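The values are calculated or read from the model by the stated rules, or taken from the named source; none is laboratory data. As the structure is a computational prediction, the values presented were derived from the model and not from experiment. Because the Cβ atoms are built from the backbone with ideal geometry, glycine has one as well, and the counts that use them run over all protein chains shown. Areas reflect the complete protein model, heavy atoms only, side chains present, ligands, DNA and RNA absent. Shrake-Rupley method; radii C 1.70, N 1.55, O 1.52, S 1.80 Å.
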Amino acid sequence: MQDIKSLTLEELINEMKRLGERPFRAKQMYQWMHTRLARSFGDMTDLSLSFREKCAEEYTFTALKLVKTQESALDGTRKYLFELSDGKRIESVWMKYRHGNSVCISSQAGCRMGCAFCASTIGGLERSLTPSEMLDQVYAITLLTGERVSNVVVMGMGEPLDNYDNLLRFITLLTDENGLHISQRNITVSTCGLAPEIRRLADEKLQITLALSLHAPEDAKRKKLMPVANKYSISEVMEACAWYFGQTKRRITFEYSLIKDVNDSKEDAKMLAGLAKKQNCHVNLIPVNPVNERSFVQSDTKTLTAFKKILEDCGVNVTVRREMGRDIDGACGQLRRRYSEE
Ligand code: SAH
């Protein structure tokens with residue numbers, strides 16, 4: 001059965017023709033799914049029962065089940081644990097900023113990239129999410145909070161570029177003027193550095209922001225933290241990032257999680273500055289979020305400040321990420337992990 005919420009309006013129009021329905025049915029159905037955020041065919045009360053029954057026979061309709069919510073007492077950040085129709089679990093995060101509400105979504109249940117500091121990868125990859133399951137996270141949170149989502153970051157569980165086609169379709173649907181119509185400029189996709197897919201994404205010439213999880217300034221160190229570095233060297237990834245900027249004119253974000261005595265030396269800062277200087281980029285320093293199963297520790301404030309200053313003195317654009325939801329297992333995969341342990 002086809003997954004109806006993953007179809008574009010054009011595809012849905014063709015489907016309605018196939019079913020012998022009039023084309024305006026497609027528009028109605030699309031609106032119910034993507035602006036009125038129906039959670040089932042049953043919600044679509046102004047469509048005839050026989051039409052809804054026909055659709056239910058022909059198509060699957062995804063909906064997330066809320067398993068658990070955690071709200072940060074520090075900053076109001078909320079973390080949601082959702083269950084998919086096959087029982088797999090994913091996490092999404094809602095963050096309130098002055099400039100609007102952001103949702104951080106998962107692109108896969110689990111992850112196969114194996115980063116040493118990350119909780120999402122501990123059980124490996126369960127499966128990739130469908131476009132509708134990515135949309136559902138934004139839709140469910142819009143319904144739960146009653147507030148409009150203005151920014152979407154694909155920085156939850158999973159490697160989005162390891163689920164390339166579904167990610168692209170998700171972006172198409174999310175930015176569609178007949179749907180929530182979120183601007184491409186308000187979407188960020190974070191990758192561990194799959195160089196060929198970065199180039200492919202560049203060639204789509206979208207206006208989304210690309211974030212690269214760098215975390216180490218040279219290959220030997222990066223390989224210890226991120227197995228993907230065995231496949232693509234930093235120089236290959238840097239060339240792909242330069243290509244991305246060339247094609248889109250969008251400045252790249254380099255994410256760098258500071259881990260005490262692992263990647264936070266002055267030498268590391270200088271090497272990172274060397275890489276960053278050659279790109280149109282912005283460096284985001286993130287104090288590593290300690291994960292139970294891992295022994296990594298956050299760099300202290302003095303080290304963080306010194307690290308940042310070296311970058312600044314080299315003329316690199318750098319910020320320190322405000323930690324959100326630190327009291328609620330803010331880092332990727334932590335809530336799911338904790339919940340399955342309980
Ligand atoms: N797979 C993608 C997106 C998901 S992770 C990627 O690698 O970019 C989103 C970001 O959180 C990445 O930069 C990732 O490296 C980082 N991250 C994961 N676990 C973390 C932790 N415990 N502390 C700090 N950052 C972490």
Requested in this report: Taking the residues in segment 79-118 that are under 15 Å from VAL153 (Cβ atoms) and of a type in the set (D, E, K, R) as candidates, determine which candidate is surrounded by the most Cβ atoms within 10 Å (Cβ to Cβ).
Outcome: GLU91
Query raised in the report: Pairs, please: C-beta under 9 Å, at least 6 apart or cross-chain, first residue farther than 12 Å from GLN247 by Cβ and in segment 205-218, second assigned to a loop (DSSP other than H, G, I, E, B) and small (Gly, Ala, Ser)?
Result: LEU212/GLY193; SER213/GLY193; LEU214/GLY193
Query raised in the report: Taking into account only those residues within segment 131-158 that are outside any helix (DSSP H, G or I) and surrounded by fewer than 23 Cβ atoms within 10 Å (Cβ to Cβ), which is farthest from the ligand (Cβ to nearest atom)?
Result: GLY146
Query raised in the report: Give me the pairs: first residue in segment 118-132 and over 25 Å from SER6 (Cα atoms) and without any contact (Cβ under 8 Å) to a residue 24 or more places away in the chain, second residue open to solvent by 20 Å² or more (accessible area, probe 1.4 Å) and aliphatic (A, V, I, L, M), beta-carbon distance under 8 Å, and six or more apart or on different chains, which are they?
Result: none
Query raised in the report: under 18 Å from the mean Cα position of the chain (by Cα) and in the same structural domain as VAL153 (by TED's automatic domain parsing) - does that describe any residue in segment 289-300?
Result: yes
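Do we find that SER299 is more than 10 Å from the ligand (Cβ to nearest atom), hydroxyl-bearing (Ser, Thr, Tyr) and touching a residue at least 40 places away in the same chain (Cβ under 8 Å) in this structure? Spell out the reasoning first.
Numbers: more than 10 Å from the ligand (Cβ to nearest atom): yes; hydroxyl-bearing (Ser, Thr, Tyr): yes; touching a residue at least 40 places away in the same chain (Cβ under 8 Å): yes.
The answer is yes for SER299.
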Requested in this report: Please specify each residue of segment 119-130 satisfying the condition of being open to solvent by 10 Å² or more (accessible area, probe 1.4 Å), outside any strand (DSSP E or B) and among the hydrophobic types (A, V, I, L, M, F, W, C).
Outcome: ILE122
Requested in this report: Search segment 179-200 for residues that are at pLDDT below 95 and within 13 Å of the ligand (Cβ to nearest atom) and pair each with any residue that is open to solvent by less than 10 Å² (accessible area, probe 1.4 Å) and not hydrophobic (A, V, I, L, M, F, W, C) when their beta-carbon atoms are under 8 Å apart and the residues are at least 6 apart or on different chains.
Outcome: none
